[in-house]
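Asker: The following block contains the structure, expressed as structure tokens.
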Amino acid sequence: MIKFALITGTTSGIGKSLAEKFAQEKINLVLVSRDGEKLIHQADLLSKKYGIKVYTIEANLEEANAAFLVYEKVKQMGITIQYLVNNAGFNEVGSFLDTDLTKEIGMVKLHIIFTTEIMKLFIPDMVKNKYGRVLNVGSTGSHMAVPNDAVYAATKAYVLSVSKAIGAELKGTGVTITTLCPGATKTEFASKAGLENTLLFKMFVMDPKKVAKVGYKALMRGKVSVVAGVYNKMLVFTSKITPAFIINPITKRMMKRNFVSVSSS
């Protein structure tokens, strides 16, 4: 059977590395992003390099009915999706008193509403075919409240929670849902959000290719969730056993923008 993976947010970062990983495994692709020019260029490179079929869908996934648009276009292509990867996302970092409400509402629409809708549309087809793998990209912030990144972490907590619950419902159907929880990763996502100027991004930043490899492996094994990187695993574990009055100031400092490291002379 010809297999296809649909991946959102593929033109940079973890999404780009995930697309490359699927292509290496000779899995055909449907790439979804808002940058049509980059999409076409990416599709051309992957199809020529790996000899696979690559389709593209240009869409702003924050818009109403975006998931339905993507689903209908896939149906028009006559394609059946075996692997659904919800990777598209962005961040708005800073004190809740100062952050941009429009961007935060956009995060809610993309991370929560779109993710829910796209699963609602594609998972029934997977169940009917008795096979499917869903990879939702969460965050280490999925596991804890994050001062100075409150709304982003909350949306990613939803991603982890809803994925676990739906995955439990799907047990025995041949369909699994995996949540990939990366920490600091060297991507355009980070630079656009100003995260490169935080203490978090001065320490233990992972390469997106390594994160993608961890996510792909966990997806294919049908794992419920996976935290990428030893440091991030320690961070998540520590957050679960440390009282909030201790962990919150630490997290707040790590996410403070315009952090300047001071070296002793």
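The values are calculated or read from the model by the stated rules, or taken from the named source; none is laboratory data. Being a predicted model, the structure only gives us computed values, none of them experimental. Note that we place each Cβ from the backbone using ideal geometry, even for glycine, and neighbour counts take in every protein chain shown. Just so you know, the surface numbers come from the protein's heavy atoms only, side chains and all, with ligands and any DNA or RNA stripped out. Shrake-Rupley method; radii C 1.70, N 1.55, O 1.52, S 1.80 Å.
Asker: Starting from 0.36 nm per residue, how many nanometres of slack lie between residue 69 and residue 161 once their C-alpha separation is accounted for?
Answerer: 30.6 nm
Asker: At a probe radius of 1.4 Å, what is the per-residue accessible area of residue 104, in Å² to the nearest 10?
Answerer: The accessible area of residue 104 comes to roughly 10 Å².
Asker: Too long at a 24 Å Cα-Cα cut-off: which of 48/186; 73/103; 3/171; 120/209; 156/233? Could the numbers behind the result be given before it?
Answerer: Numbers: 48/186 26 Å; 73/103 27 Å; 3/171 22 Å; 120/209 29 Å; 156/233 16 Å.
Listed pairs above 24 Å: 48/186; 73/103; 120/209.
Asker: Treating only the Cβ atoms of Lys and Arg (+1) and Asp and Glu (-1) as charged, compute the dipole magnitude of region 27-159 about its Cα centre; round to the nearest 20 debye. Kindly include the intermediate steps, with their values, before the conclusion.
Answerer: Details: 14 positive and 14 negative charges, 168 e Å.
With Lys and Arg at +1 and Asp and Glu at -1, about 800 debye.
Asker: Quick one: if you stick a label point 7 Å off each Cα along the C-beta vector at residue 113 and residue 171, how many nm between them?
Answerer: Reported label-point gap for residue 113 and residue 171 is 3.3 nm.
Asker: Rounded to the nearest Å, what's the spacing between the alpha carbon centres of region 1-63 and region 102-169? Just the number, please.
Answerer: If we compute the Cα centre of each part, the gap is 20 Å.
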